[in-house]
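The block underneath contains the structure these notes are about, expressed in structure tokens.
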Amino acid sequence: MRAALSRISRACATVALAVTGLAAASAAPAGASEAGTAATLPVETHFSSGFLAGFLKPGEAPPGANDFSCRSTAHPNPVVLVHGTMESMNDNWRGAAPLLANEGYCVFAFTYGGTTPTSPIQGTGKLEEGAAGLASFVERVRTATGAPKVDLVAHSQGGLTSRYYLKNLGGTGRVDRLVALSTPHHGTTLDGLTELSRTLHILEPMNEFVVGPACPACLEQEVGSDFLKALNAGGETVPGVTYTNIATKFDEVTTPYTSAFLAAGPHVTNITVQDQCVLDGTDHTEISYDPIALTHVLNALDPAHPRAIPCQVVLPVTGPLL
């Protein structure tokens with residue numbers, strides 16, 4: 001319960017942020033998809049309710065995603081969403097998917113890394129296998145849409161999965177941008193991985209699961225793992241891809257939070273959400289629903305039309321917490 005109590009404390013102390021700003025951005029599409037939705041989709045801004053809505057349906061696409069007939073003149077690169085550890089496309093992306101669809105993007109998502117496709121707990125298999133699934137899914141999207149390149153938006157482990165695909169499985173030349181939210185590019189501590197299980201409240205009685213054979217992805221994300229040594233050897237980026245990394249100082253899973261940053265370079269942008277909005281109390285799981293972080297995602301995908309970061313203070317928001 002420690003993570004949930006921490007979220008409540010920060011919400012009461014700093015009040016909820018930017019919900020109205022995100023709603024306003026969603027209500028005014030930058031360029032409607034030719035095969036877009038007829039009405040504006042509701043955008044979830046709370047991790048707890050979004051996670052609960054999607055947890056038992058890991059194979060179901062989040063709202064706004066996986067219309068394979070979609071075409072967008074305003075945003076020709078389809079956006080592929082890559083979920084994190086112990087999450088699925090449906091519980092990870094019920095904020096970002098409808099927001100991007102409302103903005104006129106063609107949005108696609110897939111679920112990977114579970115013991116079975118219907119298991120609520122996904123993203124635990126080897127990252128190499130998840131990257132192979134990403135490679136296959138990107139080809140499916142490119143074939144359906146006719147787009148030569150896609151953009152990737154990834155949460156946590158999803159950023160490592162994406163980088164492995166770029167470096168080792170032919171992703172270079174097929175991807176234009178990678179936007180990573182709280183990805184442990186340089187690994188995280190064992191305490192961070194255990195904290196994830198506590199936050200999701202799905203492994204509380206059996207934390208040994210996190211470091212056991214049931215979650216090889218967890219071991220690969222530990223500081224100093226062979227996977228990370230190989231992934232970061234010879235440079236952390238590949239030519240032709242623009243990288244944006246978005247982190248929060250309150251990350252209790254990717255620890256330290258600066259592990260979410262890549263080495264500085266001409267095609268790398270590292271962002272801490274509190275630098276733009278000091279009151280933002282989002283943590284690791286919440287960041288994929290956070291209005292401030294999602295506005296940074298919009299700006300990373302379309303830097304020619306930057307949005308003001310919504311740091312409006314509104315009344316405290318209460319809702320279900322895991």
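Using a/c under 1.5 as the rounded threshold, could you call region 118-190 rounded, prolate or oblate? The axes a ≥ b ≥ c are square roots of the C-alpha gyration tensor eigenvalues, and prolate needs a/b larger than b/c, oblate otherwise.
Prolate, because a/c is 1.5 or more and a/b exceeds b/c.
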## Note on the structure
The correct pair for region 253-303, radius of gyration to one decimal and Dmax as a whole number, both in Å and from Cα atoms, is 11.4, 29
### Query
Which value, in Å² rounded to 10, gives the accessible area of residue 121 with a 1.4 Å probe and all protein chains present?
40
### Message
Taking 0.36 nm per residue of sequence separation and subtracting the Cα-Cα distance, how much length would be gained by fully extending the chain between residue 74 and residue 267, in nm to one decimal?
### Response
67.2 nm
### Query
If the limit is 27 Å between Cα atoms, which of 57/229; 126/167; 57/167 go over it?
57/229; 57/167
### Query
Arranged from highest to lowest average of other beta-carbon atoms within 10 Å per residue, in what order do the peptides 140-149, 288-297 appear?
288-297, 140-149
### Task
Heavy atoms only, probe 1.4 Å: what % of the accessible area of region 52-94 goes to carbon and sulfur, would you let me know?
57
### Query
At a Förster distance of 35 Å, what's the computed FRET efficiency of residue 275 paired with residue 129, Cβ-Cβ distance as r, to 0.05?
0.45
## Note on the structure
Per the 1/(1 + (r/R0)^6) rule, R0 = 25 Å and r from the Cβ atoms of residue 139 and residue 249, FRET efficiency to 0.05 is 0.10
#### Entry: Listed peptides 114-120, 90-96, 255-261 by packing density, highest first (mean Cβ within 10 Å)
90-96, 255-261, 114-120
### Task
Could you rank the peptides 74-83, 235-244 by their average count of other C-beta atoms within 10 Å per residue, with the highest value first?
74-83, 235-244
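Heavy-atom accessible area per residue, region 35-106, 1.4 Å probe: how many Å²?
31
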### Query
How many times 2.2 N^0.38 Å is the alpha carbon radius of gyration of region 61-130?
1.16
### Message
Probe radius 1.4 Å, ligands and nucleic acids ignored: give me the carbon and sulfur share of the accessible area of region 216-313 as a rounded percent.
### Response
59
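The values are calculated or read from the model by the stated rules, or taken from the named source; none is laboratory data. Since we're looking at a predicted model, the values are computed, not measured. In this analysis, Cβ positions are derived from the backbone assuming ideal geometry, glycine residues included, and neighbour counts consider all displayed protein chains. Note: accessible area is taken over every heavy atom of the protein model, side chains too, but ligands, DNA and RNA are not part of it. Shrake-Rupley method; radii C 1.70, N 1.55, O 1.52, S 1.80 Å.
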